[in-house]
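Student: My structure is below; once you've seen it, I'll send some questions.
The values are calculated or read from the model by the stated rules, or taken from the named source; none is laboratory data. Keep in mind that what you see is a predicted model, and the values were worked out from it rather than measured. Here the Cβ positions follow ideal geometry from the backbone for every residue, glycine too, while neighbour counts run over all protein chains shown.
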Amino acid sequence: MKRRGESLENIQAHSFDVCVIGGGATGSGCALDSQLRELKTVLLEGADFASGASSAATKIIHGGVRYLEEAVKHLDPAQYAVVNRALHERIHMLHNGPFLSRPMEFLIPCAGWISVAYMGFGMKLYEWIAGKDSLLPSRFLSKTKTLERMPGLAPDHLIGSIAYADGQFDDARYNMGLINSFVEAGGEALNYAQVVGFTKDASGKLQTAEVEDQFTKQRFTVRAKRFVNATGPHADTIRSLATPGIPTRMRLSKGAHLVLPLEVFPTRDALLIPKTDDGRVLFAVPWFDRLLIGTTEQEVTIHDELYLSKDDVAYLLHHINRYFKTTIRAEQIVSGFAGARPLVSAGGSRDTKKLARDHEVEVDAQSGLISIMGGKWTTHRAMAEDTISAVQKSLGRAAIPGVTLDHPLYGSAGYAPEYWQSLMRDYKLPEQTAKHLLQKFGTNATKVLELAQDDSALAAPLVPGFAPLRAEVAYSARNEMAVTIDDVLMRRTGLQFYSWRAAISAAAATAAILAKELGWSADFGRTAAEQYREKIARLIQLAGLPAEPTAAADSK
Ligand SMILES: Cc1cc2nc3c(=O)[nH]c(=O)nc-3n(C[C@H](O)[C@H](O)[C@H](O)COP(=O)(O)OP(=O)(O)OC[C@H]3O[C@@H](n4cnc5c(N)ncnc54)[C@H](O)[C@@H]3O)c2cc1C
């Protein structure tokens, strides 16, 4: 990918067929699909790529067990359509991003034979809907087998579990994979470029987008034949910029996760808790060597700040501790995050947990704006396909869907699951570092490692004992448009996810490398590091965690 300044110049100098607004899963998917259909495409992201809902997911590639239950119980065709679509999309997501995703088994603990029968039947139905795209057959596991695979599960009342398969993926890196692939296909992408208005032609159709550079606050104009609104939770804002007074469609539902060391519940499988007090499901998912627990559901507005709160921690621990043999305490939490699900509503006041996760493409007859609303990560490819078909139709051209069905993401070429072994051997790396680099960058890991070979200062880890290397900071700044400490630690390397406290320790080193790469003054770098540390310290405080970790919490 080009450096930010170069992309900024290119975008201003050209006009485009399609301008995609929003650089989350939906926008990145749309941009890639559009460019692959040979439409000259630009993507504008108002903050960092993947900084919205798309890096706050439970990271599951799934049809949705709860949505299937809703579909069956309430004979709801919309819920069925989501499950059906998502179950068939799983396979493409796994296939196209092999280093970023993997199939995973989920265990549903059962306390009685009625629940075995209910869950067993439900998961067979799930499998039947997936048909030839099914990942593994679901099955009953005895109590002994269940406890062998999940020794941390409370044995009382357990009679066994139902095991079924879905996928797991690295959401932030998958999003970067889509952006990188889009740019590799010839597209232009720019982060921190917020759309703040439009100009229209004589017939009232959108002609240009007014864009504000979030660093310089300077405004510039982007010209395109069609504009795609893929701003997720912000979809109504863009819709009303295009057509003031247009009725709103979005409902937002906050979901929070907490992260624990995997030692507290050692397992290679994910746990699905089938029913919380408020009638939802909850997941505990192993993620690298962490355990991710989520999620919550609370309706919010676009103005609400999203973070893991004390109440979220209390809710999640209350439910998970019913199933764990050893009680988890808040002090053991190493990090957390929250995001807003962008749900599209037909009106009415239906509870957000009952709103279908289906998507909708809206073509605004007045302005020509094409909005893609709702959906989920798992269906991002299909959503993009529908959207770009609508773009082609509105341009008076034949729609040619299917271009992304089999389009491996940047970093997949030459990938094999054991590739980390050759990284270990060729670059004399510890196993943890080799696996981390492969899982984040795919076969481009060698490009990161070449930077470390050229400058030995970049070969060191950002924080001793944690996998991410200093070279990843330089690589992200040069090749992935990372321009803040948060961009690097949260979304490029994932260190902030592994541990808030490790991320605080990494701030100064990250700032120093970014300063060199981006031409910051030493003072600017120090201030940026200080502000980042304060931000993370505040997240720790908001979650109600002690400022100092317990000995067990941050070990790695
Ligand atoms: C807690 C939670 C758990 C989830 N778990 C799963 C899961 O396990 N599996 C699954 O399939 N799905 C899951 N989802 C759903 C999935 O994450 C979302 O559906 C998906 O990420 C939405 O992507 P998006 O691109 O539409 O929105 P976003 O990722 O929010 O992207 C929208 C982007 O638009 C940008 N933007 C906004 N305004 C402007 C502007 N004016 N100019 C330019 N850019 C702008 C924003 O900065 C943002 O980056 C989960 C969601 C949440 C919140």
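Student: Of all residues in the range 265-285, count the ones that are away from the ligand (no atom under 14 Å from the Cβ), touching a residue at least 24 places away in the same chain (Cβ under 8 Å) and either loosely packed, with under 15 Cβ neighbours inside 10 Å or not polar (S, T, N, Q) (or both). Walk me through it before giving the result.
Tutor: Taking the range 265-285 first, the residues away from the ligand (no atom under 14 Å from the Cβ) are 265-269, 271, 273-279.
When the remaining residues are screened for being touching a residue at least 24 places away in the same chain (Cβ under 8 Å), the result is 265-269, 271, 273-274, 276-279.
Next cut, either loosely packed, with under 15 Cβ neighbours inside 10 Å or not polar (S, T, N, Q) (or both) only: 265-266, 268-269, 271, 273-274, 277-279.
Residues flagged as away from the ligand (no atom under 14 Å from the Cβ), touching a residue at least 24 places away in the same chain (Cβ under 8 Å) and either loosely packed, with under 15 Cβ neighbours inside 10 Å or not polar (S, T, N, Q) (or both) within the range 265-285 amount to 10.
Student: Something else about it: Just one of 37, 102, 4, 85 is within 16 Å of the ligand (Cβ to nearest atom) and at pLDDT 95 or above; which is it?
Tutor: Working: 37 fails: within 16 Å of the ligand (Cβ to nearest atom); 4 fails: at pLDDT 95 or above; 85 fails: at pLDDT 95 or above.
After ruling out the rest, the residue left standing is 102.
Student: Of the residues 405, 369, only one is away from the ligand (no atom under 15 Å from the Cβ), aliphatic (A, V, I, L, M) and over 30 Å from residue 495 (Cα atoms); which?
Tutor: One residue alone meets the criteria, 405.
Student: Ok, one more. Across the range 28-53, what is the number of residues that are touching a Phe, Trp or Tyr at 6+ places or on another chain (Cβ under 9 Å) and closer than 15 Å to residue 191 by Cα?
Tutor: 10
Student: Let me spell it out: the conditions are (1) over 24 Å from the mean Cα position of the chain (by Cα); (2) over 24 Å from residue 389 (Cα atoms), and residue 261 meets all of them except one. Which number is the exception?
Tutor: Every listed condition holds for residue 261 apart from (1).
Student: If you go through the range 307-338 one residue at a time, how many are within 11 Å of the ligand (Cβ to nearest atom) and touching a Gly at 6+ places or on another chain (Cβ under 6 Å)?
Tutor: 1
To keep it simple, each residue is scored yes or no on (1) within 11 Å of the ligand (Cβ to nearest atom); (2) β-branched (Val, Ile, Thr); (3) within 26 Å of residue 137 (Cβ to Cβ); (4) in contact with a Gly (Cβ under 7 Å, 6 or more places away or on another chain).
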| residue | (1), (2), (3), (4) |
| --- | --- |
| 70 | no, no, yes, no |
| 75 | no, no, no, no |
| 90 | yes, no, yes, yes |
| 97 | no, no, yes, yes |
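Student: Just to be sure I understand, how many residues within the range 127-179 are small (Gly, Ala, Ser), assigned to a strand (DSSP E or B) and farther than 30 Å from residue 22 by Cα?
Tutor: Selection size over the range 127-179: 5.
Student: Here's a follow-up. Name the single residue, out of those in the range 383-409 being among the aliphatic types (A, V, I, L, M) and not in a helix (DSSP H, G or I), that is surrounded by the fewest Cβ atoms within 10 Å (Cβ to Cβ).
Tutor: 398
Student: From 291, 258, grab the single residue that is outside any loop (DSSP other than H, G, I, E, B), in contact (Cβ under 8 Å) with a residue 12 or more places away in the chain, in contact with a Phe, Trp or Tyr (Cβ under 6 Å, 6 or more places away or on another chain) and not polar (S, T, N, Q). Even if it seems obvious, please write down each step before you answer.
Tutor: On the way: 258 fails: in contact with a Phe, Trp or Tyr (Cβ under 6 Å, 6 or more places away or on another chain).
After applying the criteria, what remains is 291.
Student: Which ones in the range 201-244 are away from the ligand (no atom under 15 Å from the Cβ), touching a strand residue (DSSP E or B) at 6+ places or on another chain (Cβ under 6 Å) and assigned to a loop (DSSP other than H, G, I, E, B)?
Tutor: Listed by number, the list holds a single entry, 201.
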